[in-house]
Amino acid sequence: MADTKQERTAAKLAKRIGDFSQQHGGAEGQLAYIGQMGTRIVLVGEDGGWGDLVAPSHDVARLAAEKAGLTLHEDFDGELAAKVKTGPYEWKRMAGIQLGSPS
């Protein structure tokens, strides 16, 4: 990847991945293509915390993960999904979405 802008973007994302990992005792992730918007970098901390970042392309997302030393999984299921801890906010939000509520 010779594009300097892509390199800078990957470096910024790698820093944010590293910050997340440090706050959550380590992290693993998965890359999910989201169409023209790019690729979502899904992060799961060792403490069950989770979050995500969006990269402008799959190549930038992969480079950012490599720079951050992030272990990547092919799918978001099984062992990785089981690490995610959700609280009352998430359950309320998911229930609201399922029931058609804006909350």
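The values are calculated or read from the model by the stated rules, or taken from the named source; none is laboratory data. From a predicted model like this one, the values you see are computed outputs, not experimental measurements. Because the Cβ atoms are built from the backbone with ideal geometry, glycine has one as well, and the counts that use them run over all protein chains shown. Each accessible area value is taken on the protein alone, full model and side chains, heavy atoms only, with ligands, DNA and RNA left out. Shrake-Rupley method; radii C 1.70, N 1.55, O 1.52, S 1.80 Å.
A few remarks follow.
- Within segment 9-68, the set of residues being open to solvent by less than 80 Å² (accessible area, probe 1.4 Å) and among the aromatic types (Phe, Trp, Tyr) comprises just one member, Phe20.
- Hey, Lys92 among the basic types (Lys, Arg), modelled with pLDDT of 90 or more and surrounded by fewer than 19 Cβ atoms within 10 Å (Cβ to Cβ) or not: no
- Residue in segment 74-81 that is of a type in the set (A, V, I, L, M, F, W, C), more than 10 Å from the chain's Cα centre (by Cα) and open to solvent by less than 60 Å² (accessible area, probe 1.4 Å) present: yes
- Some residue of segment 16-34 being closer than 13 Å to Lys67 by Cα and of a type in the set (A, V, I, L, M, F, W, C): yes
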